[in-house]
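Below: the structure, in structure tokens.
The values are calculated or read from the model by the stated rules, or taken from the named source; none is laboratory data. Note that the structure is predicted; figures quoted are calculated from it, not measured. Neighbour counts run over all protein chains shown; Cβ positions are idealised from the backbone, glycine included. Just so you know, the surface numbers come from the protein's heavy atoms only, side chains and all, with ligands and any DNA or RNA stripped out. Shrake-Rupley method; radii C 1.70, N 1.55, O 1.52, S 1.80 Å.
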Amino acid sequence: MAKYDFFAEKIDTDNENLVFNEDKIKFLNLRYGNLYKKSKILNKFKGKNYFEYKSFVSTEKKDDFKIVKQISGIYENPAGLQKYIEKLPKYSFAIWFKFRLKAPYFSKDDDEFYIIQNPILKEANFKVPVIRGSAWKGAVASAFRELFREDFSNKKEKIESFLRVFGAGSESIKAIEQALIKETGNFEKAREGILSFLFFELGLEITGQDLQKAKDIKNKNDLRNFIKDKLSKKLNDSQKDLPIEFQTHKGRAIFYPTYFDKLSLEIINPHDRRKRAGTNPIHYEVVPEGVEGIFQLIYIPFDAVLRSEEDVKNEAEEDLKNITDALKILSKKGIGAKTKLGWGTFEISKEDKKVCLNSDLEVPQEWERCQS
């Protein structure tokens, strides 16, 4: 038996009460054949088409779920996070909230040897279902892009905020940076880079006029003017270098993972168009609807040490508002796989929407400041 097991709720049958622990699943697998064709087995259990795991339990310790969160630096309450934020550079902040899944969450693991074909992603050591910090970062960035696609009047400010929060290190940014730093820059690569950056990374529309302007880029001034026209309000004629947002740099936001303590099984059964019946049900291991998790983000303006205090404060306030707006969009859009089916949507608890500050920043509406 593995060190960590998932124990399921009891399912009453005519003859016995079965508990789906690992040994029982192995027994059923041998007796009835592969659980990939689970319908034959589950029909014996009074027509149930799924079985729900009650909770994650360690065979050695009952508090493993708490331990894995402590190792990851996730705070159970915002008061402890507030004390940590007070030690960070001025105008750092943290966003902390509890959320409840409104639909199942799924993100496929790369485990090739598993009882079903679509296992959920789990933490490598403790085998706890997880949303990785990188997954949160990608999902929030995708929601963030919708802000400057909708708000055309402040598009440039939001693009700058996007690059401050999430960083810039793609090949597109490097091509633009090299063309402006080197005396004999490769402006052909810079043209491709700026168009790729606009379309693929920012998700903006490229017009025929944009293409023509990009083709006309032949020197540094042309490239700077294009960036100034399309992307940045900070770039001015007397400035020698690009603003730090448009140089290769790490983002100010640190995204923490989210762990869950429950699992269940969902079945998608594609129907034959002619027979109008399912032929090959697909099983997904998911975190079920109603399960709660903790979201935690820390923002540190580490790259603004030499900037004026007023500029850093304005940037932090703008970034804070944009991140909270993006999270609101994400809660309706969903995180993980199968979001087109409505999976991964969540509801943020109103009483737990906390912002931890170490300075005088304006807190967005519907959010409360942490109390130490």
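Per-residue extension of 0.36 nm, minus the Cα-Cα distance of LEU195 and GLN371, leaves a gain of 58.8 nm for this segment. Using R0 = 41 Å, the C-beta based FRET efficiency linking ARG273 and LEU211 works out to 0.45. For segment 214-290, the relative contact order works out to 19 percent when only alpha carbon pairs closer than 8 Å and six or more residues apart are counted.
Beyond a 19 Å Cα-Cα separation, which of these cross-linked pairs lie in this structure: LYS87/LYS158; LYS155/LYS350; LYS156/LYS228; LYS262/LYS353; LYS156/LYS340; LYS155/LYS234? Cα-Cα > 19 Å for LYS87/LYS158; LYS155/LYS350; LYS262/LYS353; LYS156/LYS340; rest within.
Taking the alpha-carbon centroid of each part, what is the distance from segment 261-293 to segment 145-181 in angstrom? Using only Cα atoms to place each centre, the spacing works out to 39 Å. For segment 344-372, the residues whose backbone nitrogen is under 20 Å from a point 7 Å from the Cα of GLU309, taken along Cα to Cβ, are 357-363.
For segment 214-372, with all protein chains in place and a probe radius of 1.4 Å, 44% of the accessible heavy-atom surface sits on carbon or sulfur. With both labels modelled 7 Å from their Cα along Cα-to-Cβ, the SER134 to LYS218 distance reads 4.3 nm.
Counting 0.36 nm for each residue step from GLU123 to LYS328 and taking away their Cα separation leaves a gain of 71.2 nm.
Within segment 150-172, which residues have the backbone N less than 16 Å from the label spot 7 Å out from PHE302 along Cα→beta-carbon, could you tell me? Output list for this probe position: 164-169.
What residue among SER172, GLY203, ASN219 has its Cα farthest toward the positive end of the dipole of segment 162-221, where the charges are +1 on Lys, Arg and -1 on Asp, Glu, each on the Cβ? The listed residue farthest towards the positive side: ASN219.
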